[in-house]
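The values are calculated or read from the model by the stated rules, or taken from the named source; none is laboratory data. The model shown is predicted, which means the values in this text are computed figures rather than measured ones. Using ideal geometry, Cβ is built from the backbone for each residue, glycine included, and neighbour counts are taken over all protein chains shown.
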Amino acid sequence: MNGLFNTSLEQKKLISIMYMADDHTVTFRSIIVRKIYGIHIHAYCLKRQQIRKFKRFNILAAGKAPQRRKAYA
């Protein structure tokens, strides 16, 4: 996962994560990593439309964000 976070940081690429909050709820987020600090990742979250702080050990899975399909008329 670290390589994926670094790629998002360096290339400003969107990635998808499965995240478990402190109350044990699991959410799916699309993020762009802005900074990596030890156990925290600061990222722009598309769901909340703001910079959020994620704990690395609470990120259950990460992957490339799915490509958006173009609508053809």
So, of the residues in region 21-49 that are among the hydrophobic types (A, V, I, L, M, F, W, C) and out of contact with any Lys or Arg (no Cβ under 9 Å at 6 or more places or on another chain), which turns out to be modelled with the lowest pLDDT?
Ala21
Mind checking which pairs have a first residue in region 39-51 that is outside any strand (DSSP E or B) and a second that is surrounded by 14 or more Cβ atoms within 10 Å (Cβ to Cβ), Cβ under 6 Å, 6 or more apart or different chains?
Ile39/Arg56; Leu46/Ser30; Lys47/Arg29
Of those in region 58-73 that are modelled with pLDDT under 95 and either assigned to a helix (DSSP H, G or I) or more than 11 Å from the chain's Cα centre (by Cα) (or both), the residue surrounded by the fewest Cβ atoms within 10 Å (Cβ to Cβ) is Ala73
Within the set of pairs 6+ apart or on separate chains, which have a first residue in region 1-18 that is touching a residue at least 12 places away in the same chain (Cβ under 8 Å), a second that is hydrophobic (A, V, I, L, M, F, W, C) and part of a loop (DSSP other than H, G, I, E, B), and C-beta atoms under 7 Å apart?
Leu14/Ala65; Ile15/Ala65; Ser16/Ala65
